[in-house]
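The values are calculated or read from the model by the stated rules, or taken from the named source; none is laboratory data. Since this is a predicted model, take the numbers as computed values, not measurements. Here the Cβ is made from the backbone with ideal geometry for all residues, glycine too, and neighbour counts use every protein chain on show. Ligands, DNA and RNA are stripped out before the accessible areas are found, and what is left, the full protein with its side chains, is counted by its heavy atoms. Shrake-Rupley method; radii C 1.70, N 1.55, O 1.52, S 1.80 Å.
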Amino acid sequence: MAAHRVHELGAMTWRLAGQLRAGVGGLRVPGIRDPSALCGATVRGFSALPYSVSPVKGRSLPLTAQQSWVCCLNGSWRGYRTGWRGQEAGNGGRRMWGLVFAFGGALGVMQTLQCSLRAEEEAKVSEDGLHLTLYQYKTCPFCSKVRAFLDYHRLPYEIVEVNPVLRKEIKFSSYRKVPILIASANSTLQLNDSSVIISAVKTFLVSRKSLEEIVSYYPGMIVKNEKGKEVTEYQNRYWLMLNEQETQRLYQSKESQKEEMKWRQWADDWLVHLISPNVYRTPAEALASFDYIVREGNFGAVEGIFAKYVGATAMFFIGKRLKSRHNLQDDVRQDLYKAANTWVAAVGKDRKFLGGSQPNLADLAVYGVLRVMEGLQSFDDMMANTKIKPWYQRMTKAIHEQSQSQ
């Protein structure tokens, strides 16, 4: 297929050369960004299940080929007198234009080969028969990060909304938090922690290593937190386990790789802790937040009423405790505004996204965290009082276009 596309592009190039009469201002072959670089959030880790798990029989969707990349040859020309009209340009002119077209054709061949190879790599995902099932709370910022990543990369997945009271949907797991991603290919693996999920799946998309091998790169360790409680921490959660060639293909430089990792961690260590104090800032905001949570979540009728009123009251006071724990200002909105503007400054004025022309994993992580506030007063205030709105709108459009494209 790659050879066939090269042949077609070469023929098209020379047909254009024969048709242009007014002179050529230049040909350009647009650069095709590596589709694997368009992939991104926080996960606490994953663990291989010691037994086969099939929590949703017959409902998992196969992972299809991700993206079909088409290299377009664009021509732009101006009505220069010098060109291919008679012998006006002379032999030197003909040689010059021949070199122009030969160079353009060579670039086209290189781009076509790269696109074809990437499309073939992505098709392997479908051949591997990978099935993904995400166990989540819809309003959880960590779960939202994973969804943003999967949607942007057009990875079909089943959603299981977990009842936050009974959590019977994840009774098969000793890990009792969400998100949990069940990935079934040659075997069934359980991936925990949003950042590890994203790093592991991204590594799989780029490297095509087996999932079994990839999960071994993110070992879990039992440690004690500040309260003395044992928790599982996962190593390497922000690293993609790629070789040098794959890393160079995905990142423009080592600096861009470090920048992505830095801001992914910032989203987990700081930004996510601003959500609860802001959405539960006042009793009215807490009630509105729980109305949204109950409406979007998996609650029974009685549980929903209990959660809406009792939960809102409890979270109003818990929000105050969180404000103290994370050393937030009395007006927690100011910390939210500062974080939003800090992120905009990191993206800069010359880039659409932190990843450049396309979102990277840090863009997807920050977007996923902030998205859970949509429809609430805290979100509207952030849009009105910070500079983040243009970036946020670009992210919404980018993810929608990716998820809707064929």
Checking the structure you have, find out if any residue of the range 278-301 is more than 19 Å from C143 (Cα to Cα), exposed (fewer than 13 other Cβ atoms within 10 Å of the Cβ) and modelled with pLDDT under 90. yes
Scan (1) at positive phi; (2) open to solvent by 10 Å² or more (accessible area, probe 1.4 Å); (3) not hydroxyl-bearing (S, T, Y) for the single condition D193 breaks and write down its number. (2)
Of the residues L132, L166, L150, which is under 29 Å from L274 (Cα atoms) and modelled with pLDDT of 95 or more? L150
Tally, over the range 177-186, of residues that are open to solvent by less than 40 Å² (accessible area, probe 1.4 Å) and either aliphatic (A, V, I, L, M) or more than 25 Å from L364 (Cα to Cα) (or both): 5
Are there any pairs with C-beta distances below 8 angstrom linking a residue in the range 348-365 that is farther than 19 Å from Y238 by Cα and assigned to a loop (DSSP other than H, G, I, E, B) to a residue that is aromatic (F, W, Y) and modelled with pLDDT of 95 or more, with the two at least 6 apart or on different chains, and if so which? K352/W391
List the residue pairs whose Cβ atoms are under 7 Å apart, where the first residue sits in the range 323-345 and is within 13 Å of W266 (Cα to Cα), the second is modelled with pLDDT of 95 or more, and the two are 6 or more positions apart or on different chains. A339/W270; A339/L271; A339/L274; A340/M382; A340/T386; A340/I388; W343/V366; W343/I388
Given the criterion at pLDDT 95 or above, over 20 Å from V372 (Cβ atoms) and small (G, A, S), identify the matching residue among S199, S207. S199
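One line per residue, one yes/no per condition, for (1) surrounded by 19 or more Cβ atoms within 10 Å (Cβ to Cβ); (2) in contact with a Pro (Cβ under 6 Å, 6 or more places away or on another chain):
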{"site": "L205", "(1), (2)": "yes, no"}
{"site": "R208", "(1), (2)": "no, no"}
{"site": "K224", "(1), (2)": "no, no"}
{"site": "Q235", "(1), (2)": "no, yes"}
{"site": "W239", "(1), (2)": "no, no"}
{"site": "L242", "(1), (2)": "yes, no"}
{"site": "R249", "(1), (2)": "no, no"}
{"site": "S256", "(1), (2)": "no, no"}
Show the residue pairs meeting these rules: Cβ distance below 6 Å; 6+ apart or different chains; first residue within the range 390-406 and open to solvent by less than 60 Å² (accessible area, probe 1.4 Å); second residue part of a helix (DSSP H, G or I) and acidic (D, E). I399/D151; S403/D151
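Filter the range 372-389 down to the residues that are closer than 19 Å to F142 by Cα and open to solvent by less than 30 Å² (accessible area, probe 1.4 Å) and list them by number.
Passing the criteria: V372, M373, L376, S378, F379.
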Does the range 158-176 hold any residues that are of a type in the set (S, T, Y) and open to solvent by 80 Å² or more (accessible area, probe 1.4 Å), and which are they? S174
Return the only residue of Q329, Q334 being open to solvent by 60 Å² or more (accessible area, probe 1.4 Å), under 30 Å from K262 (Cα atoms) and out of contact with any helix residue (DSSP H, G or I) (no Cβ under 6 Å at 6 or more places or on another chain). Q334
Answer with yes or no whether V344 is under 25 Å from Q377 (Cα atoms), of a type in the set (V, I, T) and modelled with pLDDT under 85. no
In the range 209-306, which helices (runs of 4 or more DSSP H) lie fully inside it and hold 3 or more residues that are under 24 Å from D363 (Cβ atoms)? 244-250, 254-269, 275-279
